[in-house]
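Asker: First the structure, which I've put down as structure tokens, then a few questions once you've had a look.
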Amino acid sequence: MKRIFSLVLISSLLVIPTTHAASKKISVKALKLVTTISNKDDVAGVVVAGTIVIVFGTVLDRSFARAIDINGQELWSIALDPNSASIATAGAVDSAGNIWIAGSTSLLRPKPTSSATATSLNPDAVLDSPARFNPDLNAIALWKIPAGSSLPTLYSAEQAAPVLITSLAPDQSGISMVGIAQAAKGSSGFVISANSAGEFGKPLLIGKASTTLDAVVRHSDGTVTVTGASGESLGRKKLAGVIDGVIIKISKTNTILSVVRSSAPKAKRNWSSATPKLLLAGEVVTRSKTESAVTKFSSTYTPLWTYRFLSTGRVFTLGSTYALFSSTGAIKQLANWLPKKPQSILLSFDSKGAIVAAYIPPGDQREVIGLISSKELGILALISDAERISIFTLA
């Protein structure tokens, strides 16, 4: 269960391409396999804390997390919310090594009491079921697993409608989460923050019918950048394409400061990945062509350089220099690169946006599921096939 709602919004923001100087074509290198893990559970994501990889997701209606070492040996496996239905959909590790996993849970609430004047018949003296019931996934769930521990603490906040959390970003001041909130006519983008003690602020809803948020970045001045897609007007910025990619800046008092959106007509676009360095990526669909857009932005959301690559599926960015996606066409900077079927590839860029290296996994791993890093393990690319998730690093 990786999604509650069925809303496909694929897009990316139109920017002016940077011209890159011609240079010698780059040879593609092989990624080095670290380990593999089973892909039979519904894995939503993977994070890394030191030398430990933590996989999280949902089996049936129960969220889980499990830790493995670099040899693929399981260190621990836990139910995040053993007493209620729940899903785990996003995760991150803070600078202290604490693991944060977000999702949704069902808060148990007292059953409605019967009227004071009503008298119920119970001739067989059958005991009532517990005076609690399980409603929808109506609450934000935020689990903290302290560094060096496998004991999660659950923080929750009930919402007016079901919410799907898609991304979270922790820092020393707190945690910001974004996602999709169910609305009367479709979906709204959802933003909420919490402090390190699990105390939630007031949620901010963006849009009323056709908006999703997929990535969040916290800044040192207390502001937040959120990215995603929208098929409606936002912040007095009207819809230009079928669906526009959006970049939204939010103040530390939880108000919208600015909205930047794409401007190409007849396009479906989205910014689904964003880093603290504002390296953004997302899908672009124009007629029958699907591409991954990768763009480096300035702090004022001015595009510094950009690429589009023929592709399929998701695209991930890391820092200011890496992008991982499934390529379906030639990349002119690479030597002998013309895949006949989708091929996962990791590209590295320099500070000016030139492609300086390219890496691919051995075998037939096609679906990219994550791009993460740690000081101990370096850059990790997570790529899956039908049976397993493979974790690769740079050779």
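The values are calculated or read from the model by the stated rules, or taken from the named source; none is laboratory data. Please read all numbers here as calculations on a predicted model, not as lab measurements. Here the Cβ is made from the backbone with ideal geometry for all residues, glycine too, and neighbour counts use every protein chain on show.
So that you can scan it fast, the table gives a plain yes or no per residue for (1) closer than 18 Å to G198 by Cβ; (2) β-branched (V, I, T); (3) over 20 Å from the mean Cα position of the chain (by Cα); (4) modelled with pLDDT of 90 or more:
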{"residue": "I54", "(1), (2), (3), (4)": "no, yes, no, yes"}
{"residue": "I70", "(1), (2), (3), (4)": "no, yes, yes, no"}
{"residue": "I101", "(1), (2), (3), (4)": "yes, yes, no, yes"}
{"residue": "A118", "(1), (2), (3), (4)": "no, no, yes, no"}
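Asker: Suppose we filter E291, E232, E283 for residues that are in a loop (DSSP other than H, G, I, E, B) and among the charged types (D, E, K, R); which single one remains?
Answerer: When all the criteria are applied, what remains is E232.
Asker: Write out, first by first residue and then by second, each pair whose Cβ atoms fall under 7 Å of each other, whose residues are 6+ apart or on separate chains, and whose first residue, in region 256-272, is on the phi > 0 side of the Ramachandran plot while the second is modelled with pLDDT under 95 and assigned to a strand (DSSP E or B).
Answerer: K266/T286
Asker: Follow-up. Scan region 264-287 and give yes if some residue there is among the aromatic types (F, W, Y) and surrounded by fewer than 23 Cβ atoms within 10 Å (Cβ to Cβ), otherwise no.
Answerer: Within region 264-287, none of the residues are among the aromatic types (F, W, Y) and surrounded by fewer than 23 Cβ atoms within 10 Å (Cβ to Cβ).
Asker: I need a count of the residues in region 159-211 that are of a type in the set (S, T, Y), within 23 Å of I99 (Cβ to Cβ) and in a strand (DSSP E or B).
Answerer: Selection size over region 159-211: 4.
Asker: Okay, next question. Does region 3-25 contain any residue that is among the basic types (K, R), on the phi < 0 side of the Ramachandran plot, at pLDDT 90 or above and part of a loop (DSSP other than H, G, I, E, B)?
Answerer: Yes, some residue in region 3-25 is among the basic types (K, R), on the phi < 0 side of the Ramachandran plot, at pLDDT 90 or above and part of a loop (DSSP other than H, G, I, E, B).
Asker: Suppose we filter L382, L377, L338 for residues that are buried (at least 18 other Cβ atoms within 10 Å of the Cβ) and among the aliphatic types (A, V, I, L, M); which single one remains?
Answerer: L382 is the lone residue from the list that is buried (at least 18 other Cβ atoms within 10 Å of the Cβ) and among the aliphatic types (A, V, I, L, M).
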